[in-house]
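The values are calculated or read from the model by the stated rules, or taken from the named source; none is laboratory data. Since this is a predicted model, take the numbers as computed values, not measurements. Cβ atoms come from the backbone with ideal geometry, glycine included; neighbour counts cover every protein chain shown.
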Amino acid sequence: MARVPSTAVAPQSAAPPPDGPDARPAGRSNAQPPGRPYPPPPEPEPFWPAQLAVLGAIALQLLLPERLSAGPRWLLPALEAMLLIGLSLATPRQLEHEHRARRRVALTITAVVSAANVYSLGALTHFLLHHNVTKGRELITSGVLIWLTNFLIFALWYWELDRGGPGRRAAGHDGAPDFLFPQMADDRIEPLNWRPRFIDYAYVSLTNATAFSPTDTMPLTGTAKSVMGIQALVSLVTIGLIVSRAVNILA
């Protein structure tokens, strides 16, 4: 039987490396760079912005007419000022650790100012609906004072609620986030160890009070959604009912 001659198979040469944008230099790893750490590293947080917000809310309450105040005009602001003084004496200039007593006092002040502001809004709405109001300028002034107090006090709510409070955030013991800031959703935004400050919560409060809904920062938890909903409702009633009525009177 005739033998079929064998043909040598030439070894296949390796494909040349790509020359286009997909070319990867030798020695470079395919591993992705590390993302944003959570929680971020501990970092002290100043306390004075929150103190200024409380002082501003107290001053706005003192400017309201007597008939819109819960009790004597000076009573609630005096109680709030006493709590704020005690809080300032018991708290360092910078928060570095969690202070449970401080947080309870701060939440108490915030709740008292919030309740007083809602009462003022209810009293002003009742007065508007059941009386022949002819003083448009006074109505606008009262509405603006209530709206500004709403903005300041809910900035404090967000600052105190997110991730367990400012003390836990400063110590690096952040709880689960209550708000999703744009920096948390994109690792390309520097720095990677970014954490929200009071100005960030004030901006959230401002946009929610003007747009009646979240804008660039989304609420993640039921508590955050409830608090933002209450603020949006107060702001909507203040602007949609009271200020618009005052403009009609002046026109």
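Just to be sure before I move on: is T108 assigned to a helix (DSSP H, G or I), closer than 23 Å to S205 by Cα, under 21 Å from the mean Cα position of the chain (by Cα) and free of Cβ contacts under 8 Å to residues at least 40 places away in the same chain in the structure I sent? Yes, satisfied.
Checked against the criterion of being at negative phi, in a loop (DSSP other than H, G, I, E, B) and either aromatic (F, W, Y) or modelled with pLDDT of 80 or more (or both), the candidates P34, P49, P16, P39 yield just one match: P39. Evaluated against (1) surrounded by 14 or more Cβ atoms within 10 Å (Cβ to Cβ); (2) at pLDDT 75 or above; (3) not hydroxyl-bearing (S, T, Y), L87 falls short on exactly one condition, (2). Considering L192, L129, L220, L161, the condition of being free of Cβ contacts under 8 Å to residues at least 12 places away in the same chain and either surrounded by fewer than 18 Cβ atoms within 10 Å (Cβ to Cβ) or not acidic (D, E) (or both) is satisfied by L129 alone.
For region 205-217, the set of residues classified as assigned to a helix (DSSP H, G or I), within 11 Å of the chain's Cα centre (by Cα) and buried (at least 17 other Cβ atoms within 10 Å of the Cβ) consists of S205, N208, listed by residue number.
Filtered by the rule that a residue be in a loop (DSSP other than H, G, I, E, B) and surrounded by 19 or more Cβ atoms within 10 Å (Cβ to Cβ), region 52-70 gives L64, S69.
Scanning region 189-241 for residues that are within 23 Å of P46 (Cβ to Cβ) and basic (K, R) yields R195, R197. Of a type in the set (S, T, N, Q), under 30 Å from R245 (Cα atoms) and in a loop (DSSP other than H, G, I, E, B) - does that describe any residue in region 146-163? No, region 146-163 contains no residue that is of a type in the set (S, T, N, Q), under 30 Å from R245 (Cα atoms) and in a loop (DSSP other than H, G, I, E, B). Out of S114, S142, S120, one residue alone is of a type in the set (G, A, S), under 22 Å from L206 (Cα atoms), part of a helix (DSSP H, G or I) and touching a residue at least 60 places away in the same chain (Cβ under 8 Å). It is S142. Residues of region 172-204 that are assigned to a strand (DSSP E or B) and in contact with a helix residue (DSSP H, G or I) (Cβ under 7 Å, 6 or more places away or on another chain): F179 alone.
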